[in-house]
Protein chains: 2
Amino acid sequence: MTRMNLALPDPKLDLVLERIVDVPRELVWAAWTTPQHLKKWFTPLPWTTVDCEIDLRPGGIFRTVMRSPEGEEFPNLGCYLDVVTNERLVWTNALAPGYRPAAQPSSCVPFFFTAVISLEAHARGTKYTGLVMHSDEQHTQQHAAMGFHDGWGTTLDQLVALAKTM
Amino acid sequence: MTRMNLALPDPKLDLVLERIVDVPRELVWAAWTTPQHLKKWFTPLPWTTVDCEIDLRPGGIFRTVMRSPEGEEFPNLGCYLDVVTNERLVWTNALAPGYRPAAQPSSCVPFFFTAVISLEAHARGTKYTGLVMHSDEQHTQQHAAMGFHDGWGTTLDQLVALAKTM
């Protein structure tokens, strides 16, 4: 199998969080791909992730359940598309596990998206890039207005804090 | 990368065409993955396929343009998900190339689907299985009513006839 083909980010359709974090990328990878770790950082407190299922291969399930401070639960179902250990993790909520088209978007994010987490070794730890692709500008703007950068930034802070205890 | 995870067919959500064809699977594979071949068999005559673009890797483009007998053209855009030479080809119209969520379904098929072509060597040639997965029963029934079995059967006849000349 040849390598996947990823287009360059499109500034009108994509949201990007890029940051150098001072932890090794192997720990960032473990935090993203192990349910017991992911549940500890994946949602900005006081929201929590109370369940997580990961089948780490293309077509495999990526399922989370988020809980609001009021105790309401929001399930999210997606499918991995590309898995390169310590380098790149791609998944989408547009497909359910086994690549079946999703009937509807996740409950937390009311539109389809594909996320690409890229990790590169860096002198100070890891160059971390989170790219989220949307189908049209309206969804991109909606996601930005929902607080994409604050949300992904906060959870990355939580991930790094966790990684330092691992 | 570990192998993809494909669920068993769901009789309420999937349509399946399974047949033994008397040509080697290498030729069936070539017919599916080479634009110049695909254009000759992909649509039931008198419809034709007048353009085809293939980037045969996960995330790569699969684009066709069909032309009706009246001369109207219908573009279709999709993305490969899994490519195992001579064995399995998976693509979807729910994602555009590079795994970006599609804004809308193809013009010929007004809903999202994922197709899996599986080829197995067989004493009489090739065991050919075309599986099409849908998000819900309504789309499955709609696709069946559009003539899935006749359409895929006819185009497979066309593919086999072409393969015998290759």
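Coordinate-derived values only; no laboratory data. As the structure is a prediction and not an experimental result, all values here were calculated from the model. When we count neighbours, we look across all protein chains shown, and the Cβ atoms used for this are built from the backbone with ideal geometry, even at glycine.
Restricting the first residue to the stretch A:149-166 and requiring it to be under 11 Å from A:T43 (Cα atoms), which pairs with a second residue that is part of a helix (DSSP H, G or I) meet a Cβ separation below 7 Å and a spacing of at least six or different chains?
Going by the 7 Å Cβ cut-off, the qualifying pairs are A:L159/A:V28; A:L159/A:A31.
Is it true that B:F62 is aromatic (F, W, Y), out of contact with any Ser or Thr (no Cβ under 6 Å at 6 or more places or on another chain) and either free of Cβ contacts under 8 Å to residues at least 40 places away in the same chain or within 14 Å of another protein chain (Cβ to nearest Cβ) (or both)?
Taking the combined requirement at face value, the residue satisfies it.
Which one of B:W41, B:W47, B:W91 is away from chain A (no Cβ under 14 Å), in contact with a strand residue (DSSP E or B) (Cβ under 7 Å, 6 or more places away or on another chain) and of a type in the set (F, W, Y)?
Checking each option against the conditions leaves just B:W47.
In the stretch A:66-88, which residue that is surrounded by fewer than 23 Cβ atoms within 10 Å (Cβ to Cβ) and within 14 Å of chain B (Cβ to nearest Cβ) is nearest to A:T48 (Cα to Cα)?
Ranking the candidates gives A:L77 first.
Suppose the filter is more than 19 Å from B:Q104 (Cβ to Cβ) and part of a loop (DSSP other than H, G, I, E, B); does A:P105 pass it?
For A:P105, the condition - more than 19 Å from B:Q104 (Cβ to Cβ) and part of a loop (DSSP other than H, G, I, E, B) - is not met.
Look through B:L8, B:L13 and report the one residue that is crowded, with 18+ Cβ neighbours inside 10 Å, among the aliphatic types (A, V, I, L, M) and on the phi < 0 side of the Ramachandran plot. Working first, answer last.
Details: B:L8 fails: crowded, with 18+ Cβ neighbours inside 10 Å.
Checking each option against the conditions leaves just B:L13.
For the stretch A:125-166, give me the residue count where each residue is within 14 Å of another protein chain (Cβ to nearest Cβ), part of a helix (DSSP H, G or I), of a type outside the set (S, T, N, Q) and surrounded by 15 or more Cβ atoms within 10 Å (Cβ to Cβ).
Number satisfying all stated conditions: 2.
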